[in-house]
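Structure record follows, encoded as structure tokens.
The values are calculated or read from the model by the stated rules, or taken from the named source; none is laboratory data. These numbers come from a predicted model, not from an experiment. Please note: Cβ atoms are built from the backbone with ideal geometry, for glycine as well, and neighbour counts cover all protein chains shown. Ligands, DNA and RNA are stripped out before the accessible areas are found, and what is left, the full protein with its side chains, is counted by its heavy atoms. Shrake-Rupley method; radii C 1.70, N 1.55, O 1.52, S 1.80 Å.
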Amino acid sequence: MEREELKAIIKKIVTDKYGGAETEIPIGVSNRHIHLTEKDYNQLFPNEPIQVKKWLKQPGEFAAEQTLTVVSERGELKRVRILGPLRKFSQVELSKTDARMLGMNIPIRVSGDIEGTPGIKLVSKHSEIFLPKGAIVAKRHIHLPESVANEYGVKQGDEVSVLVGSEIRSLVLNHCTIRVNNQFIPEMHIDTDEANAADIAGDSFAKIIKS
């Protein structure tokens with residue numbers, strides 16, 4: 001079966017089942033990472049300004065040169081990268097696979113929703129701290145500026161279904177949260193477990209199929 005023929009069949013199945021026009025969003029795959037407050041960062045890296053290693057797609061956000069070891073009672077993950085800029089809360093975003101390696105039961109949460117989440121130890125070459133809360137598996141979500149959200153007929157906090165993946169491992173992912181801010185550029189964020197399940201690599205796109 002030719003590629004275009006297969007795509008047409010998938011599109012018809014999706015349209016028949018879910019209805020509505022398709023909308024494509026670039027996919028960003030998030031590996032495990034850490035967000036820190038200024039206070040926590042300064043304790044872990046005294047007199048060491050946070051340094052940009054790589055700018056990310058979302059304006060003003062970057063992967064830092066600095067990394068930490070994430071430690072639980074049953075394991076550790078080394079060289080977990082910090083993302084900048086520094087935030088109002090500290091948070092460790094892991095995959096479910098990471099959580100199992102650490103022997104932890106970590107809930108799926110929207111970024112910033114850290115009440116009642118497990119604590120975790122962070123270790124740098126200088127120091128260590130214990131976060132009393134903040135370990136999460138990030139809930140898949142889509143960043144949109146307001147104008148694009150209006151075009152797609154969605155708003156802050158809505159949940160949509162999306163079609164992702166390669167032609168032979170396509171998946172429909174439900175409960176994808178819409179996040180709207182005029183500082184955003186359109187981008188869907190999923191973690192490495194989700195990306196591997198759908199054989200996502202390189203430049204990939206999600207198609208909103210239900211709102």
(request) Identify all residues within region 156-172 that are assigned to a strand (DSSP E or B) and under 13 Å from Asn196 (Cα atoms); write none if there are none. (result) Val164, Leu171
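When region 127-154 is examined, which residues are found to be in a strand (DSSP E or B), out of contact with any Ser or Thr (no Cβ under 8 Å at 6 or more places or on another chain) and surrounded by 13 or more Cβ atoms within 10 Å (Cβ to Cβ)?
Glu128, Ile129, His143, Leu144
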(message) Would you confirm whether or not region 155-169 contains a residue that is free of Cβ contacts under 8 Å to residues at least 60 places away in the same chain and acidic (Asp, Glu)?
(response) yes
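Restricting to region 86-126, and then to whatever is of a type in the set (A, V, I, L, M, F, W, C) and in contact with a helix residue (DSSP H, G or I) (Cβ under 6 Å, 6 or more places away or on another chain), can you tell me which residue is surrounded by the fewest Cβ atoms within 10 Å (Cβ to Cβ)?
Filtering region 86-126 for residues that are of a type in the set (A, V, I, L, M, F, W, C) and in contact with a helix residue (DSSP H, G or I) (Cβ under 6 Å, 6 or more places away or on another chain), the one surrounded by the fewest Cβ atoms within 10 Å (Cβ to Cβ) comes out as Leu86.
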(request) Any residue in region 181-196 that's within 26 Å of Glu167 (Cα to Cα): show its pairings with residues that are part of a helix (DSSP H, G or I) at Cβ separation under 6 Å, as long as the two are six or more apart or on different chains. (result) Pro186/Val148; Asp193/Lys96; Asp193/Thr97
(request) Could you list all residues from region 155-169 that are surrounded by fewer than 16 Cβ atoms within 10 Å (Cβ to Cβ), at pLDDT below 95 and among the small types (Gly, Ala, Ser)? (result) Ser166
(request) Kindly list the number of the only condition in (1) within 27 Å of Ser204 (Cα to Cα); (2) open to solvent by 60 Å² or more (accessible area, probe 1.4 Å) that fails for Asn47. (result) (1)
(message) Can you find, within region 174-195, the residue that is least open to solvent (accessible area, probe 1.4 Å) among those that are within 20 Å of Glu93 (Cβ to Cβ) and in contact with a helix residue (DSSP H, G or I) (Cβ under 7 Å, 6 or more places away or on another chain)?
(response) Ile178
(request) Go through region 170-206 residue by residue and tally those that are modelled with pLDDT under 95, among the charged types (D, E, K, R) and either touching a Gly at 6+ places or on another chain (Cβ under 8 Å) or within 11 Å of His143 (Cβ to Cβ) (or both). (result) 1
(message) Would you confirm, using the coordinates I've provided, whether Ile178 is in contact with a strand residue (DSSP E or B) (Cβ under 6 Å, 6 or more places away or on another chain) and under 30 Å from Gln51 (Cβ atoms)?
(response) no
